[in-house]
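Below is one structure, written out as structure tokens; the observations come after it.
Every number in this text was worked out from the coordinates using simple rules, so none of it is lab data. Please read all numbers here as calculations on a predicted model, not as lab measurements. Every residue, glycine as well, gets a Cβ built from its backbone with ideal geometry; the counts of neighbours run over all protein chains shown.
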Amino acid sequence: MRKLAFGYSTRCNIRCEHCVATEDIPDSRKMDHDKAKEIIVEMAQAGIGGISFSAGEPFLYFNEIAELVKLCRQIGIYTRIVTNSFWAKTAESSDSLVSELKENGLCQLRLSYSRWHQKNVNRSNVLNAARSCQKIGLNYFISFVTDFSKEDDQYEQFLRNHCLTFFPEPVIYAGRAESFKRRRILTDYQANCCNMNPYLTPDLDMYACCDAGSYFPETNFFYLGSLKDNTVEQLFVKSETDRLYNLIRTMGITNIASFAGMKAREIITYSKCELCRKLFNSPETLTRLRAEVPQLEAWSR
Ligand code: SF4
Ligand code: SF4
């Protein structure tokens, strides 16, 4: 099933130190509401079955997002909203907004949580939002962003103490987190495959990866094109037929790094997105990999 991260607006009401947003992104970029509706209808026609409203803070445009969610339900698209829970200050206010979204057909709420988010939003908000979902019967989960340091233990314990559904997610060292001290990790030698769901910006640019994909300034490796000059179908086909993207999906970034000449000992010191940037944000490596795609495709055990 085709899925997409829908960046309705880049505006956020808080400023997390680890955010992948860069300093120079103006905080007021927002998609035209009617245009967003038009695109969503086109997406349904192009077979997109799931939309995640992410990017800035979607609840800043609550009524507009609620309307887009309703439209998605009418045309059979699964919806998720990613939020920092700033709006869930009390159980009552939280219940009221969650109920409205549930009535409009929202399928899932994803609550962002970390020691960086929680400098700006009290963690009791996340608890209120999760409790509202449990009460009202809306599927939710907490995305616990971590750099796996000891100081995150108390944040994880809070979630465990309240029996909340959460999944740890590695911080992405891009945007504001670019300057974070790189943690030297030793992971298992794992494939690091990615599904690569595209990301649509408020300016209608589409990227092949919804995570750090838009932050590859040297090569613009994940840029698919603009919906101003292409159809949704064309850009999805581009994402699905690019041979290197498909190798990321099937072979994984680790094997591509090994093919490109990186030592196994070095590869295991990188997290997935970091390794991806090392390979695909380098014009020389990318040119070489593009030229050697047939050999890479034949590289199997
Ligand atoms: S990480 Fe999320 S909540 Fe924090 S500044 Fe970025 S968009 Fe806003
Ligand atoms: S590893 Fe690359 S393709 Fe996968 S999520 Fe990270 S930036 Fe995107």
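So that you can scan it fast, the table gives a plain yes or no per residue for (1) without any contact (Cβ under 8 Å) to a residue 60 or more places away in the chain; (2) within 16 Å of ligand 1 (Cβ to nearest atom):
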{"site": "V121", "(1), (2)": "no, yes"}
{"site": "N125", "(1), (2)": "yes, yes"}
{"site": "S143", "(1), (2)": "no, yes"}
{"site": "K150", "(1), (2)": "yes, no"}
{"site": "Q154", "(1), (2)": "yes, no"}
{"site": "R160", "(1), (2)": "yes, no"}
{"site": "P168", "(1), (2)": "yes, yes"}
{"site": "N192", "(1), (2)": "no, no"}
Among the residues in region 31-40, are any crowded, with 16+ Cβ neighbours inside 10 Å, outside any helix (DSSP H, G or I) and not aromatic (F, W, Y)? yes
Filter region 282-301 for residues that are out of contact with any helix residue (DSSP H, G or I) (no Cβ under 8 Å at 6 or more places or on another chain) and of a type in the set (S, T, Y); which is nearest to L247 (Cα to Cα)? S300
Mind listing whichever residues of region 264-283 are outside any loop (DSSP other than H, G, I, E, B) and either more than 27 Å from the chain's Cα centre (by Cα) or aromatic (F, W, Y) (or both)? A264, R265, F280
Where T231 falls short, out of the listed (1) closer than 30 Å to S28 by Cβ; (2) surrounded by 21 or more Cβ atoms within 10 Å (Cβ to Cβ); (3) β-branched (V, I, T): (2)
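Being under 18 Å from the mean Cα position of the chain (by Cα) and within 22 Å of T165 (Cβ to Cβ) narrows it down to one residue among S94, S54; which is it?
Only one candidate passes the filter, namely S54.
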Only one of L111, L106 is surrounded by 16 or more Cβ atoms within 10 Å (Cβ to Cβ), assigned to a loop (DSSP other than H, G, I, E, B) and not β-branched (V, I, T); which? L106
Tally the residues that are crowded, with 21+ Cβ neighbours inside 10 Å and within 15 Å of R11 (Cβ to Cβ), restricting the search to region 60-80. 1
Check L4 against each of (1) in a loop (DSSP other than H, G, I, E, B); (2) more than 10 Å from ligand 1 (Cβ to nearest atom); (3) touching a residue at least 60 places away in the same chain (Cβ under 8 Å) and name the one condition it does not meet. (1)
Give me the pairs, please: first residue somewhere in region 66-78 and assigned to a loop (DSSP other than H, G, I, E, B), second residue anywhere and of a type outside the set (A, V, I, L, M, F, W, C), beta-carbon distance under 7 Å, and either six or more positions apart or on two chains. I77/G49; I77/G50
Across region 181-221, which residue is surrounded by the fewest Cβ atoms within 10 Å (Cβ to Cβ) among those that are more than 9 Å from ligand 2 (Cβ to nearest atom) and among the aliphatic types (A, V, I, L, M)? L186
